[in-house]
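The values are calculated or read from the model by the stated rules, or taken from the named source; none is laboratory data. Keep in mind it's a predicted model, so treat the numbers as computed, not measured. For neighbour counting, all protein chains shown are included, and Cβ atoms are generated from backbone atoms with ideal geometry for every residue, glycine included. The accessibility values were calculated without ligands, DNA or RNA, using every heavy atom of the protein model including side chains. Shrake-Rupley method; radii C 1.70, N 1.55, O 1.52, S 1.80 Å.
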Protein chains: 2
Amino acid sequence: ESQLIIKERQQTTFQVEELINLLDGGKEKTALRRSIEQTILSDPLMKTDKIGYLTREQKYVQSVRRMMYFFTDLAKRNKWNIEDPHCPEMLFLSRSLSSVVAFMIHMGAFVPSISSFGTLEQVSKWQPLAKECLIIGCYAQTELGHGTNLRRLETTSTFDRNTQEFIVNTPNLSSMKWWPGDMGKSANHAMVMAQLITNGENHGMQAFIVPIRDMTTHKPLPGVEVGNIGSIMSLEDTDNGYLRLNNVRIPKENMLAKYANVDRSGRFQQTGNNRLMYASMMNLRIVLTREQMIHALQKACTIAARYSCVRKQGSLTPNGPEIPIMDYVTQQNKVIPRIALAYALDFTIMEVRHRYVQFLADVTRGDLSNMAEMHAISSGIKANASERTVAGVETLRRACGGHGYSMASGLPYLLLSVTGSCTYEGENTVLYLQVARYLIKTAANISMGKSVDGSSAYLAENTEARCSATSQEEFYDHSLLDACFKHRSKQLLQSVAMDLQGLLAEGKQQMEAWNLLSIQLVNSAKAHIERYIVATSASFVRKLNCSLKVKKLLNQLCSLVALHQITNFPGDFLKDGYLDSHQLDLARKAEVKLLQSLRHNVVGLVDAFDFRDEILGSCIGAYDGNAYERLYDYAKNDVMNKNDVHEESYQYLRPHLHRG
Amino acid sequence: ESQLIIKERQQTTFQVEELINLLDGGKEKTALRRSIEQTILSDPLMKTDKIGYLTREQKYVQSVRRMMYFFTDLAKRNKWNIEDPHCPEMLFLSRSLSSVVAFMIHMGAFVPSISSFGTLEQVSKWQPLAKECLIIGCYAQTELGHGTNLRRLETTSTFDRNTQEFIVNTPNLSSMKWWPGDMGKSANHAMVMAQLITNGENHGMQAFIVPIRDMTTHKPLPGVEVGNIGSIMSLEDTDNGYLRLNNVRIPKENMLAKYANVDRSGRFQQTGNNRLMYASMMNLRIVLTREQMIHALQKACTIAARYSCVRKQGSLTPNGPEIPIMDYVTQQNKVIPRIALAYALDFTIMEVRHRYVQFLADVTRGDLSNMAEMHAISSGIKANASERTVAGVETLRRACGGHGYSMASGLPYLLLSVTGSCTYEGENTVLYLQVARYLIKTAANISMGKSVDGSSAYLAENTEARCSATSQEEFYDHSLLDACFKHRSKQLLQSVAMDLQGLLAEGKQQMEAWNLLSIQLVNSAKAHIERYIVATSASFVRKLNCSLKVKKLLNQLCSLVALHQITNFPGDFLKDGYLDSHQLDLARKAEVKLLQSLRHNVVGLVDAFDFRDEILGSCIGAYDGNAYERLYDYAKNDVMNKNDVHEESYQYLRPHLHRG
């Protein structure tokens, strides 16, 4: 163990294990998580080869091998209830596996959507087959030409009365299904979203189970063209596919009919409220925010913080000894605010999950009143967390200098994987504009005197026109910081709402006016969500039952997240004079002071994320801090170093070289 | 050709060819560039395999094969003067090759540094061998434990009087050389930077030519351990290496002795001004800024702009026809400011190169008076251009939605390649702090009444305390915009200089105070460089001899670059009341208006970058706009689609699948 990192751990002012338990949700949960990790990581059949040296094809094959073993054997033996997204094991499994794996869509989207869309009869027919991996499914929604505008999907499913079948077609190039995970080479069934057409009438999107590969030969069925879409930026453990369907006939009962059905004569009938389907999309965004984004940020923080404490460079005294780069304020400013963000987002998402469970209970009782707010929160948090996580991981990667560019650091893999999250499950700009739509409606409600509650209640509150702070210390105060964020959000919303009215009064059409103001609308949505994170994480910490030391530390982290936003993006706080120049100077000085006071707990704070070295996969971020030894070891084992002379390349040099 | 892109080209208001010539530096230069591109791209031996499917090892071997052919055959036959960084061909070669290739360090760093550091005798001995690729060299400076603090490099070269040799050592793990390109498997010589020790005394860093591999067997020489450092984020066409030296003896004449030498008794003598060595580092930063960063940004702009014009999604009228996503203001706001930045940076770097040539002439005459300013500009522009390029490429990648995540878009490759530029050739934060050091000195000179000229003259000027703008239109005015940036930079510098004095007065040590203020110092440096870019690009356009249409357009682009910074980072413009809330609103409205007026020239503006499809390597950004056809084609040719059934993975599925 590096002496430098031992020294860091000696400086830690709190019990790391207390914070670990707190993040897991209790001591027992920590024990459960560690035992799952131990089972998975100690199983030789679950071992992965070192990243960076496999071809795209090898990655996929390795993942299929591992995950087929996992689902049909390991998980079963351990009685992990893998298809239930709410079982405690599921929350810990993704930490132990690499973030994206084969059959994630099969198990995480195909299986649950059978119960989301299917009748009880359909569920009992298809779900057992899928759960046991006797069939492999994918979820075929996005098309080559359509992602965000789902209403314009071009795939059709036309009812044929004569045979009581549907005829499924992707009528042109742009309508072929594109991107679905597990589709390229693995799946033999697809849940296809298509325009339902009966008796010449379009009834909108419905879900159909379409067999795409033969169960005996695995070859594409007649009328089906299916394959892999080719190499992508990362996440190559799975096979994203394309699918063309040419008059593919499926039995009538393959239309999933929980909310709508077609009778023998082709008459369409809506039998339930399909808005309930949206509830599962909300859940997916919440799950991904934690499992993909926050975990990636926490891992990157762990790597960068530990490395910054063992990397020495330069000095702060003339000709003095070299010091860890973590002692530089610029480095603290890169690393510590990201650690704070990783905590604040984790606390926020715990609260969101809690609210989502209540919301589901309401929905089950038929109460849909919180639908719009829940949708805004889940969309906004996904957009904001992904955007800030990606920026954070890249900042942390660069904070590790040259070694952050090496795959050996583990950081490039984290960045490439997480950056997709700004696009999938709702492109961020589109999501922000949906949040803005909710906010504009809320503003209209408020101006009509309607009451507003929940996460938007503050929009109806009266606030001070100026921040009251006169000292640095006040900028650590959560309610003062929250007031800043409330004010900014209110002000941006009022301003864009007024501009919108103005344009409409000038005679602009609604959609045109909306487009002209869309930059402002996105900013307003961001401000609302950022306020939500500031308020929610602080109130989560306030309610925590923990030691005073830990509570103090977590309060500091919450302050830092808010402060860092103010000092780095002060524009909208200054614009209408809510903050003045002097106050911004105070905030900036307060931030530097806070960074320095958190400095000695940096390693403790990332140790509390409790990622085992095998999960981190980083030479420079391992627990023992032996960065250089591990880098050297990694290099020596490089495939290109098998032989001193690399014959394949040397053959092109040899004919030219000068012979002494 | 896509009808949509034809329509875009019909809307273009200017002659694209005029702008192409302007960017190349004249009609003849365009012809020369195109002929070089044609020669290279039509040569079957120069063809590269599709990216995304090769292993790290295959990429390296392919690059060695191509580049060995290029240097020893193709370039020779065409009489391209490849080792002269100032010959016109060199400016165009990197466009045609992929951005980083094997032997780039050999030809671009090893060869020129022989003349930078060597005596005439040494140059005539080594350079012909290296130019002809009879020997392959690398440049071994960075160590595992030291990158930015060069003075603390640990490699030693100790003079042995008895044998008239140097004994070169990397005495411990952290001192082994790490990262040098071409070192891992190719090079047989290394230019090693080491502490020179004679008669027990350390004389600081000198350059030594150390043979590392046997010229007959290519095996490492005795005492040499050398290999590849392992997989990195991108740029894998070359072999970054590590090197341990254990008592490796080299002849006395292998110390490059242009500026310093050691006599037979071991007496050290400085014979020239080694500050001149810095001049070559400045040039490398300037070259990289254009060849790596600006080209990458221009390519990404080309891809995103064309794709945004052929991608239809949603509508701006209820149930209206779908429209190109380029019609959305949020999309315009992602794409067009990056196009403007790509132009502004290109104009700026042309001016910087021009100034560098003048500077070199001064230096040759013994006039070093512009050293500090030139250093600040070249460091600052490298840091700022790399930072904004990387952010820009990622914004453009995300603007292409899901398809931007596919390697088929060409965007991931651009991002991964260019993001290294924030770290290599001077880590950005370190560079900004060097610029800040220059600024603080300048501020001190000004306060002592000394005159300041060149790029910092404005710091001594009196400026208005408030911006005078009262209308949107004024925010297109270059001198009004320049005044904003001048004011911001002055204000930030004054404020941090005052804080520095305050801390010193409180008794803080210089280095401690510097550290405490380093966030502010970085911001001040950024503001200075951003002002330099705003002013330099605008004055470059002002002096251009071109059609009024093109001039108007380029003026708009320069305005947009400045405006976009103000609207997105308004904090420091608002902070002391230089801009007020109303003016910021005007600026924001002015920006939206400008985006819309540039909208119809978007394709023309990126066509003018004139990247051939083979160089772009993008399915979604090709000239003809047939994005979907090309994506489908790319997918069909994926290696994993060779057979319908992918046997290697299917073997793990087969035993489990349900047999109908």
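State yes or no: is B:Leu411 within 18 Å of B:Thr302 (Cα to Cα), at pLDDT 95 or above and more than 8 Å from every other protein chain (Cβ to nearest Cβ)?
For B:Leu411, the condition - within 18 Å of B:Thr302 (Cα to Cα), at pLDDT 95 or above and more than 8 Å from every other protein chain (Cβ to nearest Cβ) - is met.
Kindly provide the set of residues from the range A:210-229 that are assigned to a strand (DSSP E or B) and within 14 Å of chain B (Cβ to nearest Cβ), ordered by number. Walk me through it before giving the result.
Going through the range A:210-229, the residues assigned to a strand (DSSP E or B) turn out to be A:210-211, A:213, A:220, A:224-228.
Selection gives A:Pro211, A:Arg213, A:Pro220, A:Val224, A:Glu225, A:Val226, A:Gly227, A:Asn228.
Here is a list: B:Ser186, B:Ser175. Which entry is more than 30 Å from B:Val61 (Cβ to Cβ) and either modelled with pLDDT of 95 or more or within 12 Å of another protein chain (Cβ to nearest Cβ) (or both)? Before you say what the answer is, go through the steps one by one.
Working: B:Ser186 fails: more than 30 Å from B:Val61 (Cβ to Cβ).
Going through B:Ser186, B:Ser175 in turn, just one is more than 30 Å from B:Val61 (Cβ to Cβ) and either modelled with pLDDT of 95 or more or within 12 Å of another protein chain (Cβ to nearest Cβ) (or both): B:Ser175.
Collect the residues in the range B:258-281 that are at pLDDT below 95, part of a loop (DSSP other than H, G, I, E, B) and either farther than 29 Å from B:Val101 by Cβ or in contact with an Asp or Glu (Cβ under 6 Å, 6 or more places away or on another chain) (or both), keeping them in residue-number order.
B:Tyr259, B:Thr271, B:Gly272, B:Asn273, B:Asn274, B:Arg275, listed by residue number.
When the range B:193-225 is examined, which residues are found to be small (Gly, Ala, Ser) and on the phi < 0 side of the Ramachandran plot? Let's see the steps before the verdict.
We begin by selecting, within the range B:193-225, every residue small (Gly, Ala, Ser); these are B:194, B:200, B:204, B:207, B:223.
Scanning the range B:193-225 gives B:Ala194, B:Ala207.
Counting only residues that are open to solvent by less than 20 Å² (accessible area, probe 1.4 Å) and over 35 Å from the mean Cα position of the chain (by Cα), how many does the range B:251-274 have?
2
To keep it simple, each residue is scored yes or no on (1) surrounded by 24 or more Cβ atoms within 10 Å (Cβ to Cβ); (2) closer than 26 Å to A:Thr419 by Cα; (3) more than 14 Å from chain B (Cβ to nearest Cβ); (4) not β-branched (Val, Ile, Thr).
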| residue | (1), (2), (3), (4) |
| --- | --- |
| A:Ala305 | yes, yes, yes, yes |
| A:Ser308 | yes, yes, no, yes |
| A:Pro337 | yes, yes, no, yes |
| A:Ala340 | yes, yes, yes, yes |
| A:Arg353 | no, yes, yes, yes |
| A:Leu368 | no, no, yes, yes |
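Table: residues versus (1) at the interface with another protein chain (Cβ under 8 Å from one of its Cβ atoms); (2) under 34 Å from the mean Cα position of the chain (by Cα).
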site: A:Thr567; (1), (2): no, yes
site: A:Gly571; (1), (2): yes, yes
site: A:His582; (1), (2): no, no
site: A:Val592; (1), (2): yes, yes
site: A:Gln596; (1), (2): no, yes
site: A:Arg599; (1), (2): no, yes
site: A:Glu614; (1), (2): no, yes
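Which members of the range A:152-163 meet the condition of being within 28 Å of the chain's Cα centre (by Cα) and either more than 26 Å from A:Arg264 (Cα to Cα) or part of a strand (DSSP E or B) (or both)?
Of everything in the range A:152-163, just one residue is within 28 Å of the chain's Cα centre (by Cα) and either more than 26 Å from A:Arg264 (Cα to Cα) or part of a strand (DSSP E or B) (or both), namely A:Arg152.
When you look at A:Phe159, is it in contact (Cβ under 8 Å) with a residue 12 or more places away in the chain, more than 12 Å from chain B (Cβ to nearest Cβ), open to solvent by less than 50 Å² (accessible area, probe 1.4 Å) and under 21 Å from A:Val224 (Cβ atoms), yes or no?
Details: in contact (Cβ under 8 Å) with a residue 12 or more places away in the chain: yes; more than 12 Å from chain B (Cβ to nearest Cβ): yes; open to solvent by less than 50 Å² (accessible area, probe 1.4 Å): yes; under 21 Å from A:Val224 (Cβ atoms): yes.
Yes; evaluated as a whole, the condition is true for this residue.
For B:Lys552, indicate whether it is of a type in the set (Lys, Arg) and in contact (Cβ under 8 Å) with a residue 12 or more places away in the chain. If you could, list the steps in order and put the result at the bottom.
Details: of a type in the set (Lys, Arg): yes; in contact (Cβ under 8 Å) with a residue 12 or more places away in the chain: no.
No; evaluated as a whole, the condition is false for this residue.
Can you run down the residue pairs with Cβ atoms below 7 Å, 6 or more apart or on separate chains, where the first is in the range B:346-360 and hydroxyl-bearing (Ser, Thr, Tyr) and the partner is crowded, with 19+ Cβ neighbours inside 10 Å?
Pairs that qualify, where the first residue is hydroxyl-bearing (Ser, Thr, Tyr) and the partner is crowded, with 19+ Cβ neighbours inside 10 Å, are B:Thr348/B:Ile381; B:Thr348/B:Ile533; B:Thr348/B:Thr536; B:Thr348/B:Ser537; B:Tyr356/B:Met282; B:Tyr356/B:Asn283; B:Tyr356/B:Ile286; B:Tyr356/B:Met374.
Is it true that A:Leu288 is away from chain B (no Cβ under 14 Å), open to solvent by less than 30 Å² (accessible area, probe 1.4 Å) and either hydrophobic (A, V, I, L, M, F, W, C) or under 20 Å from B:Glu154 (Cα atoms) (or both)? Don't jump to the end; show me each part of the working.
Working: away from chain B (no Cβ under 14 Å): yes; open to solvent by less than 30 Å² (accessible area, probe 1.4 Å): yes; either hydrophobic (A, V, I, L, M, F, W, C) or under 20 Å from B:Glu154 (Cα atoms) (or both): yes.
Yes.
Which of the residues spanning the range A:6-27 are under 31 Å from the mean Cα position of the chain (by Cα), part of a helix (DSSP H, G or I) and among the β-branched types (Val, Ile, Thr)?
Result: A:Val16, A:Ile20.
With respect to A:Val248, is the statement that it is over 25 Å from B:Gln651 (Cα atoms), in the same structural domain as A:Trp179 (by TED's automatic domain parsing) and aliphatic (A, V, I, L, M) true? Don't jump to the end; show me each part of the working.
Numbers: over 25 Å from B:Gln651 (Cα atoms): yes; in the same structural domain as A:Trp179 (by TED's automatic domain parsing): yes; aliphatic (A, V, I, L, M): yes.
Here the answer is yes, as A:Val248 does meet what is asked.
Anything in the range A:49-60 that is open to solvent by less than 20 Å² (accessible area, probe 1.4 Å) and either more than 9 Å from chain B (Cβ to nearest Cβ) or modelled with pLDDT of 85 or more (or both)? List them, or say none.
The answer is A:Tyr60, and nothing else.
I want to confirm something. Restricting to the range A:164-193 and keeping residues that are assigned to a loop (DSSP other than H, G, I, E, B) and out of contact with any strand residue (DSSP E or B) (no Cβ under 7 Å at 6 or more places or on another chain), which single residue is nearest to A:Lys131 (Cα to Cα)?
So, considering only residues that are assigned to a loop (DSSP other than H, G, I, E, B) and out of contact with any strand residue (DSSP E or B) (no Cβ under 7 Å at 6 or more places or on another chain), the one nearest to A:Lys131 (Cα to Cα) is A:Ser186.
Filter the range A:137-151 down to the residues that are out of contact with any strand residue (DSSP E or B) (no Cβ under 7 Å at 6 or more places or on another chain) and closer than 17 Å to A:Ala207 by Cβ and list them by number.
Of the residues in the range A:137-151, the ones out of contact with any strand residue (DSSP E or B) (no Cβ under 7 Å at 6 or more places or on another chain) are A:145-149, A:151.
Within the range A:137-151, A:His146, A:Arg151 meet the criteria.
Would you check which residues across the range A:639-649 are surrounded by fewer than 22 Cβ atoms within 10 Å (Cβ to Cβ) and assigned to a loop (DSSP other than H, G, I, E, B) and list them?
As a first pass, look at the range A:639-649 and keep what is surrounded by fewer than 22 Cβ atoms within 10 Å (Cβ to Cβ): A:639, A:641-645, A:647-648.
Answer for the range A:639-649, where residues must be surrounded by fewer than 22 Cβ atoms within 10 Å (Cβ to Cβ) and assigned to a loop (DSSP other than H, G, I, E, B): A:Lys642, A:Asn643, A:Asp644, A:Val645.
Which members of the range B:488-510 meet the condition of being within 13 Å of chain A (Cβ to nearest Cβ), out of contact with any Lys or Arg (no Cβ under 8 Å at 6 or more places or on another chain), among the charged types (D, E, K, R) and assigned to a helix (DSSP H, G or I)?
Residue satisfying the conditions is B:Asp499 alone.
Take A:Tyr652 and tell me if it is open to solvent by 50 Å² or more (accessible area, probe 1.4 Å), within 13 Å of chain B (Cβ to nearest Cβ) and not charged (D, E, K, R).
On the way: open to solvent by 50 Å² or more (accessible area, probe 1.4 Å): yes; within 13 Å of chain B (Cβ to nearest Cβ): yes; not charged (D, E, K, R): yes.
Yes.
Considering the range B:135-154 alone, what residues qualify as being more than 20 Å from B:Val123 (Cα to Cα), of a type in the set (A, V, I, L, M) and more than 9 Å from chain A (Cβ to nearest Cβ)?
B:Leu150, B:Leu153
What number goes with the only condition from (1) open to solvent by less than 10 Å² (accessible area, probe 1.4 Å); (2) not in a helix (DSSP H, G or I) that A:Leu481 does not pass?
Checking A:Leu481 against (1) open to solvent by less than 10 Å² (accessible area, probe 1.4 Å); (2) not in a helix (DSSP H, G or I), the one that fails is (2).
For the range B:170-197, which positions are touching a residue at least 24 places away in the same chain (Cβ under 8 Å) and open to solvent by 30 Å² or more (accessible area, probe 1.4 Å)?
Just the residues of the range B:170-197 that are touching a residue at least 24 places away in the same chain (Cβ under 8 Å), to begin with: B:170, B:173-197.
Within the range B:170-197, B:Leu173, B:Trp179, B:Ile197 meet the criteria.
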